[in-house]
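Participant: The structure is given below, and queries will be raised subsequently.
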Amino acid sequence: MKPTISIVVAIYNRKDELFELLTSLTLTDRAFEIIIVDDGSLIDLKPTIRNFEESLDIKYFKK
């Protein structure tokens, strides 16, 4: 099903908060996509995102 809602998350060095957010989003059955924009974090957020790529429609951009 094509997502009808886009959730845009701008983030910087918040790995734990990102994990909590993505965990909570797995509990819903709505069709949505998550667009994560990493604003140059010093912490690598990609491993956290990889944990959810199979269960959520995630697009990740690092600037």
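Participant: Go through (1) 4.5; (2) 4.0; (3) 3.7 and flag the label whose value is the computed mean projected area of the Cα convex hull in nm² for this structure.
Facilitator: Structure-derived value, by its label: (2).
Participant: Does a label point 7 Å from the Cα of PHE61, set along Cα-to-beta-carbon, have any residues of segment 1-41 with amide nitrogen under 19 Å, and which are they?
Facilitator: 3-14, 32-41
Participant: Only four residue types carry charge here, +1 at the Cβ of Lys and Arg and -1 at the Cβ of Asp and Glu. Report the dipole size of the chain about the Cα centre in Debye, rounded to the nearest 20.
Facilitator: Details: 9 positive and 11 negative charges, 41 e Å.
Roughly 200 debye, rounded to the nearest 20.
Participant: Hey, another quick one. Do any chymotrypsin sites (Phe, Trp or Tyr not before Pro) in the chain lie in a DSSP loop with no more than 16 other beta carbon atoms within 10 Å, and if so, which? If you can, show how the numbers build up before the last one.
Facilitator: On the way: sites: TYR12, PHE19, PHE32, PHE52, TYR60, PHE61; in loops: TYR12, PHE52.
Hits after loop and neighbour filter: TYR12.
Participant: Out of the GluC sites (Glu not before Pro) in the chain, which ones are loop residues according to DSSP with at most 15 other C-beta atoms within 10 Å? Could the numbers behind the result be given before it?
Facilitator: Working: sites: GLU17, GLU20, GLU33, GLU53, GLU54; in loops: GLU53, GLU54.
Answer by residue number: GLU53, GLU54.
Participant: Please compute the per residue accessible area over the chain with all protein chains in place, 1.4 Å probe, rounded to a whole number of Å². Don't skip to the end; give the middle numbers.
Facilitator: Numbers: 4440 Å² over 63 residues.
Each residue of the chain exposes 71 Å² on average to a 1.4 Å probe.
Participant: Here's something else I'd like to know. ASP44: accessible area at probe 1.4 Å, nearest 10 Å²?
Facilitator: So the heavy atoms of ASP44 present about 90 Å² to solvent.
Participant: Within the accessible area of the chain, what % is carbon and sulfur when the probe is 1.4 Å and the other protein chains stay in place?
Facilitator: Details: 2370 of 4440 Å².
C and S atoms contribute 53 percent here.
Participant: Among PHE19, LEU42, VAL8, pick out the residue whose Cα is farthest towards the positive end of the charge dipole of segment 1-49, where Lys and Arg carry +1 and Asp and Glu carry -1 on C-beta, about the Cα centre.
Facilitator: VAL8
Participant: Length gain on complete extension for the stretch ARG50 to GLU17, per 0.36 nm per residue less the alpha carbon to alpha carbon distance? Numbers along the way, then the final one.
Facilitator: Details: separation 33, 0.36 × 33 = 11.88 nm, distance 1.51 nm.
Result: 10.4 nm gained on full extension.
The values are calculated or read from the model by the stated rules, or taken from the named source; none is laboratory data. None of these values were measured; they are calculated from a predicted model. So basically every Cβ, Gly included, is an ideal-geometry build from the backbone, and we count neighbours across all protein chains shown. The protein model used for the area step is the full one, side chains on, heavy atoms only, and it has no ligands, DNA or RNA in it. Shrake-Rupley method; radii C 1.70, N 1.55, O 1.52, S 1.80 Å.
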